[in-house]
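Working notes for the structure below.
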Amino acid sequence: MKLLATLRDEDVIVGAPKFSTDNFSLRVAARAIVTDGNSAVALLHGAKHSYHKLPGGGVEAGEDLALALHREIKEELGCDAQVTGEIGRVDEYRGEWKLYQQSYCYLAKLTGGKGVPEFTQEELDEGFEVVWADSIEAAIAILKADQPTNYDGKFMRARDLLVLETAWQQATAS
């Protein structure tokens, strides 16, 4: 999958120092721009820290990217979706956590109706809720307006805004 960008602390946090990436642990993740039949885009709103993100998350032991993405969409949106294309990969070096994350990003369409998410306690504590932006352009505007108040939210905003803008550019170029 094509590498779209590599993000580091200094790319997402004003004044962040540069750091060595030695001894970072790898986390592989799958995430998607999930649309419904009306081109609305699913976002997760982390109300506690004022950010939105795309559904998806880490690949667990014994999973491949497809299985992890299916599980994450089911947990976070409460529905099923079919992958319709690839967008690209975003690599993140999060210095605070000594984490190197590779996010494989896809396009997906909702299959069946919208469901009820099964958020973890951590996600509930973050104030997660599913919101449906009217279009990919509306989702981009929402993320552009976000001002995350926590470290992870700043990375998620930068990563997912890049993913949404790339998908929009790919769609308008074809």
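Hey, among D125, D91, D36, D80, which residue is acidic (D, E) and without any contact (Cβ under 8 Å) to a residue 40 or more places away in the chain? Full working, then the answer.
Details: D125 fails: without any contact (Cβ under 8 Å) to a residue 40 or more places away in the chain; D91 fails: without any contact (Cβ under 8 Å) to a residue 40 or more places away in the chain; D36 fails: without any contact (Cβ under 8 Å) to a residue 40 or more places away in the chain.
Result: D80 is the single residue among D125, D91, D36, D80 that is acidic (D, E) and without any contact (Cβ under 8 Å) to a residue 40 or more places away in the chain.
Residues in region 47-64 include at least one that is charged (D, E, K, R) and closer than 16 Å to I140 by Cα.
Any residue in region 132-140 that is closer than 24 Å to F24 by Cα, among the β-branched types (V, I, T) and part of a helix (DSSP H, G or I)?
Start the filter on region 132-140 by keeping residues that are closer than 24 Å to F24 by Cα, which leaves none.
Checked against the condition, which is being closer than 24 Å to F24 by Cα, among the β-branched types (V, I, T) and part of a helix (DSSP H, G or I), region 132-140 yields no hits at all.
Scanning region 32-84 for residues that are under 16 Å from S103 (Cβ atoms), assigned to a strand (DSSP E or B) and either in contact with a strand residue (DSSP E or B) (Cβ under 7 Å, 6 or more places away or on another chain) or polar (S, T, N, Q) (or both) turns up A32, I33, V34, L43, L44, H52, K53, G56, G57, G58, V83.
Being crowded, with 18+ Cβ neighbours inside 10 Å and at positive phi narrows it down to one residue among G15, G46, G56; which is it?
On the way: G15 fails: crowded, with 18+ Cβ neighbours inside 10 Å; G46 fails: at positive phi.
Being crowded, with 18+ Cβ neighbours inside 10 Å and at positive phi holds for just one of G15, G46, G56, which is G56.
Sub-8 Å Cβ pairs linking a first residue in region 154-167 that is under 16 Å from G46 (Cβ atoms) and modelled with pLDDT of 95 or more to a second residue that is outside any helix (DSSP H, G or I) and aromatic (F, W, Y), at least 6 apart or interchain, are K154/Y51; M156/Y51; R157/Y51, ordered by first then second residue. Just so you know, in region 85-98 the residues that are part of a strand (DSSP E or B) and charged (D, E, K, R) include one that is surrounded by the most Cβ atoms within 10 Å (Cβ to Cβ), and it is E92.
With respect to being in contact with a Cys (Cβ under 7 Å, 6 or more places away or on another chain), in contact (Cβ under 8 Å) with a residue 24 or more places away in the chain and not polar (S, T, N, Q), K114 fits the description.
Considering A81, A138, which residue is more than 15 Å from the chain's Cα centre (by Cα), at pLDDT 95 or above and surrounded by fewer than 20 Cβ atoms within 10 Å (Cβ to Cβ)?
On the way: A81 fails: surrounded by fewer than 20 Cβ atoms within 10 Å (Cβ to Cβ).
The match here is A138.
Of Q147, Q102, all but one fail to be surrounded by fewer than 20 Cβ atoms within 10 Å (Cβ to Cβ), touching a Lys or Arg at 6+ places or on another chain (Cβ under 7 Å) and not in a helix (DSSP H, G or I); the exception is Q102.
The values are calculated or read from the model by the stated rules, or taken from the named source; none is laboratory data. This structure is a prediction, so every number in the text was calculated from the model and none was measured. Every residue, glycine among them, receives a Cβ derived from its backbone with ideal geometry; neighbour counts consider all protein chains shown.
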